[in-house]
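To keep things clear, I will list the structure first and then write my remarks on it.
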Amino acid sequence: MNPLEKLLAAGQLAQAHAEAKKVLARQPANRDALVVLAKLALLQGNLPQAEELTAKAEAQGPTGDTVLLRANVAAQKGQLDVALKAYQQVMAKEPKRAEAHFGRGMMLIKQDKTEQALESLSKAAQLAPDNAVFRYRLGQVQLEAGKDAEGLATLRQVLTQHPRFLPAYLSLSHALASRDDLLGAKRLLEQGLKELPRHPRLLGSLTVLSMALRDVNASYKAASALAASRPRDPDAQANLAQLMLARGQYQQVLHLCRTMDSLGLATESLKMAEATCYEAEEPPAYDKAVAAYEAGMGLAPEGWRAANNLGQLLLRMSTETGQEHLPRAITVLEEAIRRAPQRPEPQLNLALAFAQAGQQAKAREQVKKVLALPLPETDEVRQEAARLEQALAKA
């Protein structure tokens, strides 16, 4: 693996981009740099740029890397047969290329060829045993195919090998909850929070589960009955949506939210539930989630929750897809604070945003504001703020 690919594998996307640009400045036809930049363009959904860079990389002749890039572009365009053919082309020349087996499996599952897909995904996981994504997707497809024992075991194996791999916590907890093992799902989320303290998606899921655990079946039945008897009551529908989220019933939640929207009865809570569904998609539909949170902010001009959640989403997007989302995250969190000056959550998130943006002085000033709030020493927000203050002091 060349140094640029090592940066990608380590998740250092900004550094990989910068280093690849430096290489191209010296060697405009450097294939390794062109391939890395094409991969980054794909991650950002910039298909025209990815195709252009791939074509330049192929000027010296196609390789396994460039054919895989073309396959990934075709897959993102929905050209399943074209992508499948390209993945198989790579497999024919490089039978131990895990990425090709994985891509083939993903195309086959989209064509409802489940058994063949499982074969390819299993092979990818076998060839690249340390790749969390390959094993994670295998577990998801096993569950979708009704192979519950295998799917649950595979997802647990992901977390054993990669205890900070967030998607596996979310998928496994949803799988357990949908099988009425809400206590198991709750324990799993608590385990995740030990590895990823105060992660908003884990906290959100845990909150919903804790509410539902008071009496799982009775709560769900009561909420369903109430929603059925009051089809135009936004609060009743939002309550049901929260319990559905705890059970991983995303499509039902989306249908509920869209129905209320079509009736002109959408609320901040319903829009936030809708956004959660989009975030849970694979890959996450960030643009739709952002739009849902924005709509929630508009529906509750003085409400802070949708603004705070949108700010957190933009921070995650900055980590995963590029730092260009950071300025907007800061703006949105400042708006959340304007709406609810005494709420500690947006105050802490703004401090985290400043720190992520490299604005250390502002981050230190903001974290002092959090610590000045009348919060008990045991409060999680206060404890996280104290940890951030210590980290900033060392920076």
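Below are the figures for this structure:
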quantity	calculated
Residue in segment 88-110 that is polar (S, T, N, Q) and in a loop (DSSP other than H, G, I, E, B) present	no
Selection status of L196, farther than 21 Å from M107 by Cα and among the hydrophobic types (A, V, I, L, M, F, W, C)	yes
Matching option when the condition is under 20 Å from G105 (Cβ atoms) and among the polar types (S, T, N, Q), among Q27, Q44, Q49, Q76	Q76
Tally, over segment 62-83, of residues that are within 20 Å of A128 (Cβ to Cβ) and either modelled with pLDDT of 95 or more or of a type in the set (A, V, I, L, M) (or both)	6
Qualifying residue in segment 199-206 (condition: without any contact (Cβ under 8 Å) to a residue 60 or more places away in the chain, on the phi < 0 side of the Ramachandran plot and loosely packed, with under 15 Cβ neighbours inside 10 Å)	no
L166 being under 22 Å from A280 (Cβ atoms) and at pLDDT 95 or above	no
Cross-chain or 6+ apart pairs with Cβ under 9 Å, segment 211-229 first and modelled with pLDDT under 75, then surrounded by fewer than 18 Cβ atoms within 10 Å (Cβ to Cβ) and among the acidic types (D, E)	V216/D180; N217/D180; A222/D215
Any helices (runs of 4 or more DSSP H) falling wholly within segment 289-395 and containing at least 1 residues that are free of Cβ contacts under 8 Å to residues at least 12 places away in the same chain and among the acidic types (D, E)	305-321, 360-372
Near pairs, Cβ below 9 angstrom, 6+ apart or cross-chain, from segment 116-134 (within 11 Å of M106 (Cα to Cα)) to any residue that is surrounded by fewer than 16 Cβ atoms within 10 Å (Cβ to Cβ) and among the hydroxyl-bearing types (S, T, Y)	none
Residue within segment 328-351 that is in contact with an Asp or Glu (Cβ under 8 Å, 6 or more places away or on another chain) and surrounded by fewer than 16 Cβ atoms within 10 Å (Cβ to Cβ) present	no
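Quick grid of which residues meet (1) in contact with a Ser or Thr (Cβ under 9 Å, 6 or more places away or on another chain); (2) of a type in the set (D, E); (3) buried (at least 19 other Cβ atoms within 10 Å of the Cβ):
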position: A266; (1), (2), (3): no, no, yes
position: K271; (1), (2), (3): no, no, yes
position: E279; (1), (2), (3): no, yes, yes
position: Y286; (1), (2), (3): yes, no, yes
position: V290; (1), (2), (3): no, no, yes
position: A300; (1), (2), (3): yes, no, no
position: A307; (1), (2), (3): no, no, yes
position: Q312; (1), (2), (3): no, no, yes
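Quick grid of which residues meet (1) over 20 Å from M244 (Cβ atoms); (2) aliphatic (A, V, I, L, M):
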{"site": "A132", "(1), (2)": "yes, yes"}
{"site": "R135", "(1), (2)": "yes, no"}
{"site": "L138", "(1), (2)": "yes, yes"}
{"site": "G146", "(1), (2)": "yes, no"}
{"site": "T154", "(1), (2)": "yes, no"}
{"site": "R164", "(1), (2)": "yes, no"}
{"site": "A177", "(1), (2)": "no, yes"}
{"site": "D181", "(1), (2)": "no, no"}
{"site": "Q191", "(1), (2)": "yes, no"}
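The values are calculated or read from the model by the stated rules, or taken from the named source; none is laboratory data. Computed from a predicted model, the values in this text were never measured in an experiment. Note that we place each Cβ from the backbone using ideal geometry, even for glycine, and neighbour counts take in every protein chain shown.
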